[in-house]
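In what follows, a single structure is set out as structure tokens and then discussed.
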Amino acid sequence: MIPARIHRYGTVTSTNDIAIEMLHRGEPEGTVVAALSQSSGRGRRGRRWIDRPGDCALISLVLTPGKPLSEMGELTFVISLGVADYLAIDHGLDPALKWPNDVLVSDKKIVGILVETVGNLGAVAGIGLNVNQVELADEIKNTATSVAIETGRQSNIDEVCERFAAKVLEVYESYLANGFEHILNRWLERMWGVGRMVEVSSESGSVTGIIDGVEPTGELIVKGADGNLHAIHAADAIKVIMG
Ligand code: BTN
């Protein structure tokens, strides 16, 4: 078992910054940085992650899977599955996994995941889970949710970080032991949107079609109106058109 070695902080710039420094210093796999708040939390595609102290569980995990860079994308599936397992087991929720790494509850985003690779040293997986918010800002309240909104209960953030890190590391360990196919099969059981008509937009344009599944290598498969299957490697947004 990889034990979670949690380093707790008050306010930091970003837990990913600290975890990256730790990875450079040679801290072992299982090292976890947890903070109460971040002044420059970051999200995917240059977005910011804004939190209010005590509302979110903010953690970053140091991981050294020893895989080539081309396989590091697998980590987003591993982490999102770990988050889903945690929410199901500890909070009785039924999360859906939206490709590539969103975790949805009641069709709304409950967590942000940012995996950053650090040369050939390894990666840092930063996770921000909405825990205690009972109300969300106007601009996100239609698309986001929290554990408190879904369960009606407040949680102790330190305990959440501990249990949550341990669950993610458990799933990560089963990835190292049993391979990506095993993780992907479990991930697919919770996959969001199969059979739904969507528009997937990315830098290279957009594809409209029905979500069909995920390739063994992690690409999203969308069946276009012409009947052709498109394998999509990266996307900025997936918008439901119908279904
Ligand atoms: C996203 O949805 O765009 C990803 C957001 C990731 C936010 C988390 S919070 C903990 C860790 N530290 C960061 O600066 N970002 C991640």
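Every read-out reported here was derived from the displayed coordinates using simple, explicitly stated rules and does not represent laboratory data. Keep in mind it's a predicted model, so treat the numbers as computed, not measured. Reconstructed Cβ throughout: ideal geometry from the backbone, glycine too, with neighbour counts over all protein chains shown.
Out of the helices (runs of 4 or more DSSP H) lying entirely within segment 136-243, which hold 2 or more residues that are without any contact (Cβ under 8 Å) to a residue 12 or more places away in the chain and loosely packed, with under 13 Cβ neighbours inside 10 Å?
Numbers: elements: 147-151, 157-178, 180-189.
In segment 136-243, 157-178, 180-189 are the helices (runs of 4 or more DSSP H) which contain 2 or more residues that are without any contact (Cβ under 8 Å) to a residue 12 or more places away in the chain and loosely packed, with under 13 Cβ neighbours inside 10 Å.
Return the residues of segment 45-66 that are over 14 Å from ALA137 (Cβ atoms) and either surrounded by fewer than 16 Cβ atoms within 10 Å (Cβ to Cβ) or more than 7 Å from the ligand (Cβ to nearest atom) (or both); say none if nothing qualifies. Let's see the steps before the verdict.
Taking segment 45-66 first, the residues over 14 Å from ALA137 (Cβ atoms) are 45-47, 53-54, 57-66.
The answer is ARG45, GLY46, ARG47, PRO53, GLY54, ALA57, LEU61, VAL62, LEU63, THR64, PRO65, GLY66.
Out of everything in segment 88-106 that is closer than 21 Å to CYS161 by Cβ and in contact with a strand residue (DSSP E or B) (Cβ under 7 Å, 6 or more places away or on another chain), what residue ends up being surrounded by the fewest Cβ atoms within 10 Å (Cβ to Cβ)? Break it down stepwise before answering.
Just the residues of segment 88-106 that are closer than 21 Å to CYS161 by Cβ, to begin with: 88-93, 95, 101-103, 105.
Among the residues that remain, those that are also in contact with a strand residue (DSSP E or B) (Cβ under 7 Å, 6 or more places away or on another chain) are: 93, 95, 101-103.
On the way: LEU93: 18, PRO95: 24, ASN101: 23, ASP102: 21, VAL103: 26.
Among those residues, the one meeting the criterion is LEU93.
For residues that are in contact (Cβ under 8 Å) with a residue 12 or more places away in the chain and surrounded by fewer than 23 Cβ atoms within 10 Å (Cβ to Cβ), scanning just segment 112-122, find the one that is nearest to the ligand (Cβ to nearest atom).
Taking segment 112-122 and keeping what is in contact (Cβ under 8 Å) with a residue 12 or more places away in the chain, we get 112-118, 120-122.
After this cut, where a residue has to be surrounded by fewer than 23 Cβ atoms within 10 Å (Cβ to Cβ) as well, the list is 113, 116-118, 120-122.
On the way: ILE113: 6, GLU116: 9, THR117: 14, VAL118: 14, ASN120: 22, LEU121: 18, GLY122: 16 Å.
This residue is ILE113.
Conditions first: (1) within 15 Å of the ligand (Cβ to nearest atom); (2) crowded, with 19+ Cβ neighbours inside 10 Å. LYS109 passes all but one, so which condition is the exception?
Here LYS109 meets the rest and fails (2).
What's the total number of residues in segment 67-93 that are away from the ligand (no atom under 14 Å from the Cβ) and β-branched (Val, Ile, Thr)?
Step one: list which residues in segment 67-93 are away from the ligand (no atom under 14 Å from the Cβ), which gives 67-74, 77-78, 81-82, 84-93.
Filter again for β-branched (Val, Ile, Thr), leaving 78, 89.
Count: 2.
Going residue by residue through segment 67-81, is there one that turns out to be surrounded by 14 or more Cβ atoms within 10 Å (Cβ to Cβ), within 19 Å of GLU173 (Cβ to Cβ) and in contact with an Asp or Glu (Cβ under 6 Å, 6 or more places away or on another chain)?
There is no residue in segment 67-81 that is surrounded by 14 or more Cβ atoms within 10 Å (Cβ to Cβ), within 19 Å of GLU173 (Cβ to Cβ) and in contact with an Asp or Glu (Cβ under 6 Å, 6 or more places away or on another chain).
Considering (1) within 11 Å of the ligand (Cβ to nearest atom); (2) polar (S, T, N, Q); (3) under 15 Å from the mean Cα position of the chain (by Cα), say which one SER37 fails and leave the rest.
(3)
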